[in-house]
Each structure stands twice: as structure tokens, then as C-alpha cells.
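This report concerns only the one structure given below.
The values are calculated or read from the model by the stated rules, or taken from the named source; none is laboratory data. All of these numbers come straight from a predicted model, not from anything done at the bench. Please note: Cβ atoms are built from the backbone with ideal geometry, for glycine as well, and neighbour counts cover all protein chains shown.
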Amino acid sequence: MNTNYFVNLLIILISAAFINNVILSQFLGICPFLGISNKIKSAVGMGFAVIFVITTASILCSLIFQYILSPMELGYLQTIVFIIVIAALVQFVEMVVKKVSPPLYDALGVYLPLITTNCAVLGVALLNVEKGFDLVESIVNGFASALGFTISIILMAGIRERMEHNNIPKTLKGFPITLITATLMAMAFYGFAGLV
Amino acid sequence: MSNKNKKPSILRDALSLTLITIICSFALAFVYEITKDPIKAQEDAKKNEGYQVVFSDAAELVTDEELVALAAETDLSSLNADYSGVTIDDVVQALDGNGNKIGYIVKSNVRGYSSTISVATGYSLEGVVQGIELLSINDTPGFGMELTNPEFKDRFSGVKTNHFNVTKGNAANENDIDVYSGSTVSTTAVVKAVNAGIGFLTENAEGLGGVENE
Amino acid sequence: MNKYIERLTNGLFKENPTFVLMLGMCPTLAVTISAWNGVGMGLSTTVVLVASNVIIAALRKFIPNTVRMPYFIVVVASMVTIVQLLLQAYFPSVNEALGIYIPLIVVNCIIFGRVEAYAAKNKVGLSLFDGIGMGLGFTIALILIGSFREVLGAGTIFGFRVMPESFEPITMFVKPPGAFLVLAMLTALQNKFKLPSATNGSAKTSALACGGDCANCSGETYSANHEKINSENTKRKED
């Protein structure tokens with residue numbers, strides 16, 4: 001544990017949240033990004049649910065890979081193990097949150113089941129392994145990726161709420177204008193590339 | 001979800017789920033056994049291809065088991081604090097057509113900007129870098145990837161040195177490497193891996209600095 | 001026999017997963033930087049889809065309704081891993097180019113959508129052809145989008161130079177923003193010419209479990225939640 005290690009963690013944080021933004025440069029989790037971004041409120045709810053699930057999933061998957069799959073040379077089972085763990089985790093979290101904290105469930109509950117097949121969760125878990133991250137690095141990377149997801153979905157929702165009252169050409173209404181907005185956001189985020 | 005089925009039975013559901021999982025696991029294990037060797041062969045082929053590039057004069061490459069074992073237990077940061085974080089997992093002797101040793105290839109790994117970078121460095125007995133090759137670099141496509149550009153790798157070839165310096169656009173000496181814009185961390189990481197590889201060789205390899213120093 | 005042909009054309013044209021149903025947008029956007037990538041991704045997905053469809057259709061009478069989803073997940077994930085191992089062993093360059101998007105086929109809505117909506121309710125033969133049709137429809141769409149981006153972004157198709165030397169490649173088209181822009185243009189054209197597409201509500205979307213609407217992915221299990229979200233949203237509005 002030296003300063004180098006923390007600098008390294010900081011680099012992982014910034015690159016995962018901005019430079020390699022899960023949505024705008026890795027294309028993971030496009031579905032909720034386009035689907036649930038019409039209201040800021042729902043975008044915030046989805047964003048926090050994703051932060052919670054991805055961070056937890058990163059911890060679990062990293063532990064499973066390091067202490068079970070890797071020592072037993074079963075690395076090739078990672079996809080199947082991770083997706084089952086994530087699906088079970090989401091169900092479990094939903095039940096626990098419902099029991100323990102009804103207000104939190106009201107805020108996040110409806111978004112949790114939507115996350116099981118969100119490719120960002122599995123994608124981040126797989127990237128942690130591919131990049132050879134240890135436990136702490138996996139947690140940081142998971143949290144930062146989810147943070148990047150939340151930032152982009154909230155930004156998108158803010159823009160879309162404003163666009164509702166704009167006069168948009170009929171051809172571009174709906175999906176096309178949303179995608180054009182995403183294009184411009186992706187270009188802006190592309191500028192972060194020189195950061196590190 | 002509809003529960004029109006006769007009676008939901010936890011036991012039956014669990015059994016059926018377990019059964020399909022076991023069957024799938026067997027299928028996977030079977031395919032894994034079949035593909036294990038081809039995958040290994042592909043990886044070796046790729047590695048050797050990379051090795052051949054960094055030491056084009058070599059006619060034959062022989063793994064130096066002693067140095068590989070030594071590298072595994074050496075803490076590189078004890079050689080030079082700059083080398084901390086670098087690991088060496090392969091050392092190969094380069095032989096010429098007559099079987100005489102003409103140099104070494106060392107494979108060093110270092111954490112790049114977002115992933116591990118493996119670099120193979122060819123180093124002749126005279127202390128000249130024959131070439132470097134990035135064996136795996138998973139950094140963001142388009143950024144760290146610029147480093148796979150031949151222009152960058154050629155900067156190292158033919159330089160007689162035991163240490164490279166990272167410079168920012170003002171490379172003056174042969175052993176100065178300019179940073180690639182947008183890939184500062186990756187460039188620094190590659191240079192560090194190359195330096196550590198050479199440092200390890202000069203310290204330990206026979207016929208190189210190691211013997212001369214004694 | 002007609003039924004089988006109908007399944008093929010259904011996947012290729014009428015319910016083309018990419019152009020009409022707008023499913024599986026993540027791989028569509030991510031890997032289509034070249035035509036070859038489109039071929040690799042499309043065919044890998046086709047193999048997974050066909051295999052999963054056949055297995056689920058064959059087992060459909062034995063799958064308990066309550067644990068349906070985990071069942072599908074296990075089968076699909078196994079198929080994906082098998083495809084990944086085969087790619088690593090025999091087509092390493094494809095595996096390298098597609099990287100993490102190969103294991104991510106597991107969460108491609110096309111696969112779950114077809115398995116749940118079709119294979120779980122139909123015979124093996126029909127499910128087989130359904131998988132082939134859908135898979136090839138996806139492949140062709142990826143190749144078209146990939147070629148388009150490759151021509152503009154690099155001046156080549158399948159690596160062959162097709163644009164004159166004087167053409168300065170518009171690199172943006174092979175970078176992330178280009179992916180969104182190409183899709184935006186595609187959906188705008190569909191709006192303009194009133195082509196059937198899930199994005200303008202003119203395509204029949206009910207045929208798929210996930211509503212055929214990737215934007216509001218995913219799966220039958222979640223349709224209940226969409227109602228919940230909607231009612232919640234209206235409630236908030238009223239407040």
C-alpha cells in the first residue's frame with residue numbers, strides 16, 4: 001500500500017467514470033439509457049439502483065473469481081457463474097430492501113428487476129477479471145463505472161425533459177433525436193480521453 | 001408469472017434446475033477439454049510470433065528455465081525502485097543458426113492505464129535493444145492502442161542502452177522516448193516494463209552485464 | 001414446409017431483430033466498426049440462438065414454470081461459453097476483435113426474447129428455423145451497419161479499399177459517437193418513410209416477450225414493472 005497504489009486507484013476511477021464511460025464509449029446498458037431517461041426522477045432512481053447493484057456484483061464476482069474459479073482453473077466458467085450470481089443477487093437485494101427499508105424500496109424497488117439483464121452489470125464484472133483487478137480495484141472500477149452510467153443517464157434525462165417543449169422536425173421526433181443527443185454527449189465525453 | 005401448474009414444489013423445481021446445471025457443466029467441461037490444447041497452441045503461436053519480431057536475427061528460441069524461476073522469486077523493486085509493479089514471467093535465449101547464444105528475450109508485465117500490458121523485449125549480448133513488441137494491451141481501443149503503432153515500437157529498436165527515459169515532445173537522445181499524446185500512462189508503463197526487463201537481464205543473465213560486473 | 005420458410009423470412013424481413021424490432025442494441029452499436037466484425041458477432045449470436053432455441057424447445061415440457069428464467073439463463077450462458085471456447089481455439093482473431101462482447105451475448109435481448117416467446121412454446125423444428133431466421137436477420141443487419149461505418153470511417157469494406165485515394169476517412173464513424181449517429185439516421189429514415197419499426201410504434205411488438213422494445217428491455221417478468229413505473233410516474237405527476 002503506497003501512494004502509487006492510490007494514484008492507480010484514482011486513475012481507474014476517472015477512466016471508468018469518464019473516459020471509458022460504460023454507455024457512451026463501451027455501449028453497455030444502452031437499453032435503460034434510452035428507455036428510462038425521459039424523466040430526471042426515474043433516471044436518478046435507476047442510476048442509484050445501478051450503482052448499488054454493480055458495486056455489490058463487483059465485490060461478489062471478484063471474490064468468487066479470485067478464491068474459487070481461479071485456484072481451481074475454472075476460469076472458463078466465469079460467464080455462466082457471473083450471470084447466475086447477478087440474477088440471484090438482484091432478486092435477493094430486492095427482497096431484503098423490501099423487508100428492511102420500505103422507503104428505499106419505494107425509491108429503487110421498481111428498477112431493481114430491470115437490472116438483471118442490464119449488460120453493464122455483467123460487462124463490468126467481466127472487465128474486472130479481464131483487466132486482472134484485485135478486490136479493491138474491482139470495487140473502485142465497479143463503483144466508478146456505475147457512477148459514469150448514472151451521470152450519463154441523468155444528463156440525458158435533463159436534456160430530454162427540456163427537449164419536450166422544443167419544436168423538433170417530425171422525422172426526428174422520438175428515437176432519432178434521442179440518439180442524436182447521445183451522439184453529441186459521446187463526442188463530449190470523447191474529449192476526456194486526453195485526461196490521463 | 002402464472003402458477004397454473006398443479007402444485008408448486010420446491011423440491012421438484014430445485015431438482016430439475018440442478019439437473020440442467022449438471023448437464024450443462026458436463027457439456028462445458030467436454031468442450032473445454034477439446035479446445036484446451038488448440039487454445040494453448042494459438043496463444044503460444046501468438047507469443048512466438050511476437051518473440052520472432054523482437055529478435056529477427058535469432059534462428060532458434062529456447063526458454064531459459066533458470067532465469068524464469070529466478071524472475072518468479074525476484075522482487076524487481078529491489079533492483080531499482082523504478083521497477084516496482086513490474087513482473088517478469090518469461091525469459092528466452094535467442095540462438096543463432098549455429099546454436100550460439102546471441103541475446104535474450106524477456107517478457108515483462110506492467111499495469112497500464114487500465115489493464116495489464118505485456119511487453120517482449122529483445123536484447124542482444126552487446127546491450128542493443130533488438131525490438132519490442134506489445135503482446136497484449138487491452139487499454140481503450142484508440143488510445144493505448146496507438147502504442148501498437150510501429151512508429152512507437154521502432155523508437156526502441158537498435159538503441160544501445162540499458163535505460164530509456166520518458167520525455168514530453170523533446171526527445172534529444174537515442175534513449176529518450178516521447179510520450180504519445182493521450183497515452184501518457186501507457187507510454188510510461190511500456191518504458192518501465194522495458195527498463196525492468198533489461199535491468200533484470202543485466203543483473204542476472206550470463207554473458208551480459210551480469211558476468212562482466214563480477 | 002411453408003411454415004418453416006415463413007419462420008426464415010419472418011426473422012430476415014418482417015420481424016428483423018435489428019431494423020424492425022430494435023433488439024440487441026448494445027452489440028449492434030459496439031462491434032459494428034467494420035463489416036468483418038458484423039459477420040463475427042452476427043454468426044456467433046446465430047449459433048447461440050439456434051442452439052438455445054433447439055434445447056429449450058426440446059425440454060419445454062420438462063421446464064417447471066416457476067424456475068423458467070434461471071433455466072434459460074443456465075442454458076444460454078452455457079451455449080455462449082461453448083461458442084467463446086470454440087472461437088478462442090479456432091478463430092482467435094474474431095475472439096480478439098469482439099472481446100468482452102462475446103460473453104455479453106448472454107444478456108442480448110434477442111436470445112432471451114426468442115427463447116421465451118417462441119422456443120418455450122413451439123416444436124423443435126420450428127424453433128430451429130426461427131433461430132436461423134432471426135440470427136441471419138441480425139447478422140445481415142450488422143454487416144450492413146458495419147459496412148456503412150467502415151466505408152465512411154476508413155474507406156474500406158471487408159478491408160478492401162472502395163473509396164478513391166483522395167477520400168479522407170471520417171474517423172468519427174468508427175468511434176463511439178459515430179455508432180449513435182448512424183443509428184439516429186437509420187431511425188430517422190424509418191420515421192420519414194413510415195417503415196415498420198419498434199421505434200415509431202408501427203411494428204407489431206407484442207409478439208416478443210420483452211415487448212420487442214429494446215429501449216424498454218427486458219423480458220416478460222418486467223412488463224409488470226413497467227406498469228408499476230408508469231403508475232408511479234403518474235402518481236408523482238399528480239403529487
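What do you reckon, is C:Phe13 on the phi < 0 side of the Ramachandran plot and within 14 Å of chain A (Cβ to nearest Cβ)? Spell out the reasoning first.
Working: on the phi < 0 side of the Ramachandran plot: yes; within 14 Å of chain A (Cβ to nearest Cβ): no.
No, not satisfied.
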Matching residues in the stretch C:158-194 - criterion: being in a loop (DSSP other than H, G, I, E, B) and within 12 Å of chain A (Cβ to nearest Cβ): C:Lys175, C:Phe193, C:Lys194
What number of residues in the stretch A:1-31 are in a helix (DSSP H, G or I) and closer than 17 Å to A:Gly142 by Cβ? 12
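Among the residues of the stretch B:32-68, what is the count of those that are in a loop (DSSP other than H, G, I, E, B) and crowded, with 19+ Cβ neighbours inside 10 Å?
Going through the stretch B:32-68 one residue at a time, the tally reaches 3.
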Residue ID - farthest from the other protein chains (Cβ to nearest Cβ), chosen from residues in the stretch A:32-41 that are in a helix (DSSP H, G or I) and of a type in the set (A, V, I, L, M): A:Ile40
With at pLDDT 85 or above and either farther than 22 Å from C:Val83 by Cα or buried (at least 21 other Cβ atoms within 10 Å of the Cβ) (or both) as the only criterion, which of A:Ile36, A:Ile84, A:Ile80 stands out? A:Ile80
Some residue of the stretch C:55-67 being of a type in the set (Ser, Thr, Tyr) and either farther than 12 Å from C:Ala119 by Cβ or touching a strand residue (DSSP E or B) at 6+ places or on another chain (Cβ under 8 Å) (or both): yes
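Scan the stretch B:69-86 residue by residue and report those that are touching a residue at least 24 places away in the same chain (Cβ under 8 Å), not polar (S, T, N, Q) and not in a helix (DSSP H, G or I). Outline the logic, then answer.
From the stretch B:69-86, those touching a residue at least 24 places away in the same chain (Cβ under 8 Å) are B:70-71, B:74, B:76, B:79-80, B:82-83, B:85-86; that's our starting set.
Keeping just the survivors that are not polar (S, T, N, Q) gives B:70-71, B:76, B:79, B:82-83, B:85-86.
B:Leu79, B:Gly85, B:Val86, listed by residue number.
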Only unsatisfied item for C:Ser78, checking (1) free of Cβ contacts under 8 Å to residues at least 60 places away in the same chain; (2) farther than 30 Å from B:Ser16 by Cα; (3) of a type in the set (Ser, Thr, Tyr), is (2)
Looking only at the stretch C:56-71, filter to residues that are at the interface with chain B (Cβ under 10 Å from one of its Cβ atoms) and not aliphatic (A, V, I, L, M); which one of those is surrounded by the most Cβ atoms within 10 Å (Cβ to Cβ)? C:Tyr71
Is it the case that some residue within the stretch A:61-77 is in contact (Cβ under 8 Å) with a residue 24 or more places away in the chain, facing another protein chain (nearest Cβ under 7 Å) and part of a helix (DSSP H, G or I)? no
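For (1) more than 12 Å from chain C (Cβ to nearest Cβ); (2) surrounded by fewer than 18 Cβ atoms within 10 Å (Cβ to Cβ); (3) of a type in the set (Gly, Ala, Ser); (4) in a helix (DSSP H, G or I), each residue gets a yes or a no:
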residue	(1), (2), (3), (4)
A:Phe143	yes, no, no, yes
A:Met156	no, no, no, yes
A:Thr171	no, yes, no, yes
A:Thr178	no, no, no, yes
A:Thr181	no, no, no, yes
A:Leu184	no, yes, no, yes
A:Tyr190	no, no, no, yes
Where C:Thr81 falls short, out of the listed (1) more than 15 Å from the chain's Cα centre (by Cα); (2) closer than 16 Å to C:Ala57 by Cα: (2)
